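Step one of this worksheet: look at the structure below.
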Amino acid sequence: MSLFFNQNLKNMSLKEKSIEGKLQDERLRKVSKLKVFLNRPELGALGGSILVFIFFGIIAGDTGMFSAYGTINFLEVSANLGIIAIGAAMLMIGGEFDLSVGSMIGFAGICIAIPAIYWGWPLWMAITFAFAMAVLVGYLNGILVVRTGLPSFIVTLAMLFILRGATLALTRLITGRTQVPGLRVLIENDPIAWIFSADAFKTLFIWMGSIGLIELRTDGTPLATGIPASVIWWIGLTIFATWILMKTSYGNWIFGAGGDKNGARNVGVPVNRVKTSLFIGTAVCATIYACVQVLDAGSADTMRGNLKELEAIVAAVVGGCLLTGGYGSAIGAAFGALIFGTVSMGIYYTDVDTDWFKVFLGVMMLIAVIFNNYIRKRVTENK
């Protein structure tokens, strides 16, 4: 009798769980994996990238653009922009802008060059100093925005002029010129310079050249010597930023701070700290860009990074970031930078007069954004 009673209880419990499961299923809306994929912010940029590659594949496919050397060239241009576009995208998702990124690039370059050349600092110490200054500038931008309530557009526009003017004035005061050469000789024996200047997978490229997979110079060495450090940084930052946005509580805070900062505050999100940290992140990304550029060129220039802030914002918008905040992805910004780099280098492989470069670039960017918005609207209508 006891066994029969226990079995009935067990059956009743299973029925209750089954009914409860059905009720839950009825309350939940089923969304196909395809719709989830189509709703990703980076999908439009991915489609735009495919269109750009198809376009240049048709009109410049036999010019060497997609050879190993040509591919490395447009990937390097894309990576340089992509490094700062990732920081810009994270900040835009958080609901803010940073127009001082371009000036920060020139400022960080001078922070490396002057101490290393004129003050006798080791190169690694000068690089560390540049990153410390980046953290300070980013912190100042963030504090001014969150404490004063002024639009980040205005605050960072002011910082743009402050940094560019300070860079120019201090460089002329200390060196008597606007460029600081002589860094290349300091790279060889420095313990950290290789992180920003060395090519990766050199042995692989030598092997591919030896079996005829890639082009060789007249002396038998590969024309493409390896994957530039900027490309490695670009990929690494994209993966890191994507992990933060998709897998961490901090990523949820970023979306909350950008989408509805008052609502985010009401549920305990430290909005001010999140926004300040994002401003620091954009300044650090600008400094990484500066390190790559300075060590690659062997010199620093006060005008380096001019208008790069606008290019970074364009790449982020093409990548699916909304200007109003709360939506976007790091992967989309990476694809936006890829579109920019491909178009920038691709036009030189076509018969188009390079004087039309900016017009051509603007049209390609506009098409990519329209395509992005078209896909997003279609997905929204079909929900």
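Based on alpha-carbon atoms only, what is the radius of gyration of the stretch 42-381 relative to the globular estimate 2.2 N^0.38 Å?
Numbers: Rg = 20.6 Å, N = 340, 2.2 N^0.38 = 20.2 Å.
Compared with the compact-globule rule of thumb, the stretch 42-381 sits at 1.02.
Please list the non-local residues whose amide H lies under 5 Å from the amide H of residue 216, H modeled 1.01 Å from N, same-chain partners needing a gap of 5 or more.
Result for residue 216 returns 223.
Quick one: if you stick a label point 7 Å off each Cα along the C-beta vector at residue 158 and residue 211, how many nm between them?
Inter-label distance under the simple model: 6.1 nm.
Over 24 Å between C-alpha atoms is what I'm after, so list which of 261/308; 308/358; 247/275 land there. Each step should come with its number before you reach the end.
Values: 261/308 28 Å; 308/358 14 Å; 247/275 19 Å.
As for pairs spanning more than 24 Å Cα to Cα, those are 261/308.
All of the numbers you see were taken from the coordinates with simple rules; none came from a lab. Computed from a predicted structure; not experimentally measured. Cβ coordinates were reconstructed from backbone atoms using ideal geometry, including for glycine residues, and neighbour counts include every protein chain displayed.
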